[in-house]
Every structure is written in structure tokens, then in C-alpha cells.
Amino acid sequence: MAYKFRQSSLTKKMLVACAGLFVIIFLPVHLITNLFVLPITPDHEQTFREITHFLATFPVIKIIEIVLMAAIVVHVAYSVILYLQNRRARPVRYKRPGHSEQTPFSRFMIHTGIVLALFIVIHFINFYFIKLGLLPVPEGIENREDFYPMIYRLFSDQYYCIVYIILLIPTGFHLDHAFQSAFQTLGLNHPIYTPIIRVIGHIFAIVITIGFISIPVYFLLTSIPVFHCPIYGTVQYQDL
Ligand code: HEM
């Protein structure tokens, strides 16, 4: 009975890990695409439109998108089931000083996961559900797949910029632990490779989080006509 319980838990953990890794692969592609909203190259707007047009029309991407949505649902559903199962199996949370290998990030995975889920819901309301036709196209935008003006419109609201920045920070914490945890669940537990994966996980989480946060930060800074920077002094909107 206990063996069966452990085995089914392991299967669920594996599903959580595989689905999580699939979402992790999607993130760098998503980040690079969205960075072209910012003036990082002279023809950034055209590059952004070309990439999003390709993503919207290439048939293989449609299949990947369906797998991605399924991965998100599986990851969230089984994470919650495992969390509830663990709580039920061990209702009294005991502390063993010095015996815990938990880090602050691993201890708060369910909490950072809930924030991430909240972010995804807000994010889908802002873009994805509009693309699918589940929500109306915002005023002033003609095409439901034209994300360039949609992003500009959304982040012209400073509150949205701040909401995105705040919600993206726990996302980074979640990613940091998720990366190494997924490999461990899939059986990669090695005296040399595990520390390397842990370092790669830290770098990945930092780069992805700062990368995504840089987008609302840019809009927030350019929306302030004049601000006083401790390093550069007074900076005007047109200086940025
Ligand atoms: C400031 C940061 C971000 C911006 C500007 C942004 C922008 C977008 C846009 C425009 C879309 C619609 C694209 C489409 O449906 O073809 C989209 C979809 C999506 N975003 Fe983001 N995104 C950001 C951060 C994130 C983060 C951090 C995650 C995950 C943790 C995420 C997950 C998704 C997913 C799963 C979809 C739907 C799949 C897709 O259509 O590509 N996004 N995002």
C-alpha cells in the first residue's frame, strides 16, 4: 500500500518535472521575441512583427502551443495534488534543525507557484485570450494578433508595469528551484553534475527574470518625463 502510494507520487512528480521543463524551454524563446518590443535594434518593430507572424502561422508551432498549454495544466494540477497529498500524509509539520536540505526557494515553491499562476491568468487576459477570440480586442487595435500595439497599450499604464514587475520576481524564485528540482526528480543526482545544474539554474532564473522585468521597467522609465537618477543625474524621457 505504502509502496503503491510512493510509486504513484513518483509518477506525478515526474509529470510535474517533465511539464515544467517543457515550459522552461519555451521561456527563452518567449523572452527573445518580446525583447524586440524594445528598441534594441534599429528595425526592432519589424523583427518583432516578423517573429510573431511566423509563430502565429507556422503549423508546427500550433502543435507546440497545444502541448505548452497541456504542460501548464498538468504542471499546476499535479503540483497542487502532490502538495495536498503531502500535507495529508504529514499533517503536523515538524522541524528537524540541521537535517533539512530545504532552501528558502524550495520551501516556498507552492507560494511562488500560486503567484506565477496568478501572473499567467492576468497575462492570458492581457494577450492570449484576446488572440483566441475569448476576449474583445482593446480599443484602437485592429488585429487581435498584432501584439506590438497591444504591449505598448498595456504598459502605457504604469500600474500594469508595476503589477508585472512585482509578479515576475516570485516567478524568478520559482524558476530557480524548479530547474534543479526537475533534473533531480528525473534521476540526475550526481556529485559533479548536480552542483553544475544548480549553478545553471541560478543563472537561467536570473537572466530570464531580469530579461522579462526589463520590458515593463523600460515602459515605466520612459513614461516618466523627467526623473532623478543617483548616477546619471537628471534624465529626460528623450535621453532614454
Ligand atoms: C513582460 C513580459 C512579457 C511579455 C511582454 C509577454 C508577451 C506575450 C504576448 C504578446 C503573448 C501573446 C503571443 C501569442 O499568443 O502568440 C504572450 C503569450 C504567452 N506568454 Fe507571455 N509575455 C511576458 C512574460 C511571460 C512570462 C514570464 C511567462 C511565463 C512564466 C509568459 C507565458 C506566456 C504564455 C504561456 C503565453 C501563451 C503561449 C503563446 O502564445 O506563446 N509570458 N506573452
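Derivation of every value follows stated rules applied to the coordinates shown; laboratory data play no part. Predicted, not measured: the structure shown is a model, and the values here were computed from it. Note: ideal-geometry Cβ built from the backbone for every residue, glycine included; neighbour counts use all protein chains shown.
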For 153, 90, order by how many other beta-carbon atoms lie within 10 Å, fewest first: 90, 153
Footprinting exposure proxy for 13, 62 (fewest neighbouring C-beta atoms within 10 Å first): 62, 13
Where does each of 60, 74 land when they are ranked from fewest to most other beta-carbon atoms within 10 angstrom? 60, 74
Give the Cα extents of the chain along the principal axes, in whole Å, largest first. 64, 47, 34
Under the definition of Cα pairs under 8 Å and six or more residues apart, what whole-number percent is the relative contact order of the chain? 24 percent
I'd like the distance separating the alpha-carbon centroids of region 16-66 and region 170-229, in whole Å. 18 Å
Please list, in order along region 70-86, the HN-Hα scalar couplings obtained from phi with the Karplus expression 6.51 cos²θ - 1.76 cosθ + 1.60 (θ = phi - 60°), rounded to whole Hz, x for Gly and Pro. 4, 4, 5, 5, 4, 4, 5, 4, 6, 5, 5, 4, 4, 4, 5, 4, 5
³J(HN,Hα) computed for each position of region 174-185 - Karplus, 6.51 cos²θ - 1.76 cosθ + 1.60, integer Hz, glycine/proline x: 5, 4, 3, 7, 4, 4, 6, 5, 4, 5, 5, 4
If each residue of separation counts as 0.36 nm, what is the full-extension length gain between residue 200 and residue 49 once their alpha-carbon separation is subtracted? 51.3 nm
Helix-only [θ]222 nm of the chain, DSSP H runs n ≥ 4, -39500 (n - 2.57) each, per residue, nearest 500: -24000 deg cm²/dmol
Counting sequence-distant residues (5 or more places) and residues on other chains, those with an amide H built under 5 Å from that of residue 103 are none
Please report Rg over Rh for region 4-67, where both radii come from the alpha carbon positions and Rh follows the Kirkwood definition. 1.22
Mind computing the radius of gyration and Dmax over the alpha-carbon atoms of region 147-206? Å is fine for both. 16.7, 49
Equivalent ellipsoid semi-axes - Cα gyration tensor, region 11-133, angstrom: 36, 17, 13
Pairs of Cα atoms farther than 24 Å apart, region 65-208, %: 47 percent
